[in-house]
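Trainee: The following block contains the structure, expressed as structure tokens.
The values are calculated or read from the model by the stated rules, or taken from the named source; none is laboratory data. None of the values given here were measured: they were computed from a predicted structure. Neighbour counts run over all protein chains shown; Cβ positions are idealised from the backbone, glycine included.
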Amino acid sequence: MNATVDIAAQTVVAPEARAMRADARRNRTKVLEAARISMARDGLEAQMEEIARAAGVGVGTVYRHFPNKDELVDALANERFERLAERAREALADPDPWYSFENFIRASAKIQTEDRALSEVLVSRPETMYAAAERVDIRGYVEKLMNRAQEAGVIRPDALPDDVPMLMCALAGTHSNPKMDPERYVAIALDGLRAPGSSPLPPPAGAR
């Protein structure tokens, strides 16, 4: 009898619980979107209260999802690398080895240079970015793209998957200098990765 009552009670409560969870998910998404825009503009100086206003929610809602700014930045980093992983999957679906790699690099650079807050984190708190990258195995995607392109003879054979995040790090500061054109440096980087390469690359630091 008690089991029957419990099941009936669950049947009545479940739709409300589902609605609350759906509402919470929508609020979390709105907060992340607002935070990304605010931090892209103001960097880590963006205030939680401002983010709440931009999201159209109370500041208490922001703090329920993200008790402090560090947790919000972690969530933004995870969301960013999920977007990069999606771009990598799209690139792997492209049958052209060079253009799929090129398009992925350009998409990565665009996300990198347009997101000021996470570019600052990349420089000042790299462990946050490393954790987010490992969470979606972004290195594995890069390795697949590079291996395919190297097998096709369009990327120099001495280029390594770890070269790509280092190139992205080099672009991290371009947002702060209006005289810098990220597209120019992306083109230079891509040209340097093309096969055959004008001169051999030095070995990575750990192999010296």
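Trainee: I'd like to check something: does segment 41-64 contain any residue that is outside any loop (DSSP other than H, G, I, E, B), under 30 Å from residue 140 (Cβ atoms) and free of Cβ contacts under 8 Å to residues at least 60 places away in the same chain?
Mentor: No: segment 41-64 contains no residue that is outside any loop (DSSP other than H, G, I, E, B), under 30 Å from residue 140 (Cβ atoms) and free of Cβ contacts under 8 Å to residues at least 60 places away in the same chain.
Trainee: In addition: Within the bounds of segment 105-128, is there any residue that is surrounded by fewer than 16 Cβ atoms within 10 Å (Cβ to Cβ), of a type in the set (A, V, I, L, M), out of contact with any Phe, Trp or Tyr (no Cβ under 9 Å at 6 or more places or on another chain) and in contact (Cβ under 8 Å) with a residue 40 or more places away in the chain?
Mentor: Checked against the condition, which is being surrounded by fewer than 16 Cβ atoms within 10 Å (Cβ to Cβ), of a type in the set (A, V, I, L, M), out of contact with any Phe, Trp or Tyr (no Cβ under 9 Å at 6 or more places or on another chain) and in contact (Cβ under 8 Å) with a residue 40 or more places away in the chain, segment 105-128 yields at least one hit.
Trainee: For residues in segment 157-181 being farther than 18 Å from residue 197 by Cβ and of a type in the set (D, E, K, R), which is modelled with the lowest pLDDT?
Mentor: 179
Trainee: Please pick out the residue among 83, 106 that is of a type in the set (Lys, Arg), closer than 21 Å to residue 46 by Cβ and part of a helix (DSSP H, G or I). Quick ask: steps written out before the conclusion?
Mentor: Numbers: 106 fails: closer than 21 Å to residue 46 by Cβ.
Result of the check over 83, 106: 83.
Trainee: Just need a number here: residues in segment 131-172 that are assigned to a helix (DSSP H, G or I) and of a type in the set (A, V, I, L, M).
Mentor: Step one: filter segment 131-172 for residues assigned to a helix (DSSP H, G or I), giving 131-135, 138-151, 163-170, 172.
Keeping just the survivors that are of a type in the set (A, V, I, L, M) gives 131-133, 138, 142, 145-146, 149, 164, 166-168, 170, 172.
Residues meeting the conditions: 14.
Trainee: If a residue must be polar (S, T, N, Q), assigned by TED's automatic domain parsing to the domain that holds residue 26 and over 26 Å from residue 26 (Cβ atoms), how many such residues does segment 43-101 contain?
Mentor: 0
Trainee: Follow-up. For segment 74-82, indicate whether the set of residues that are of a type in the set (S, T, N, Q), under 18 Å from the mean Cα position of the chain (by Cα) and closer than 30 Å to residue 155 by Cα is non-empty. Working first, answer last.
Mentor: Pass one, segment 74-82, residues of a type in the set (S, T, N, Q): 78.
From what's left, under 18 Å from the mean Cα position of the chain (by Cα): 78.
Now drop any that are not closer than 30 Å to residue 155 by Cα, which leaves 78.
Checking segment 74-82: at least one residue is of a type in the set (S, T, N, Q), under 18 Å from the mean Cα position of the chain (by Cα) and closer than 30 Å to residue 155 by Cα.
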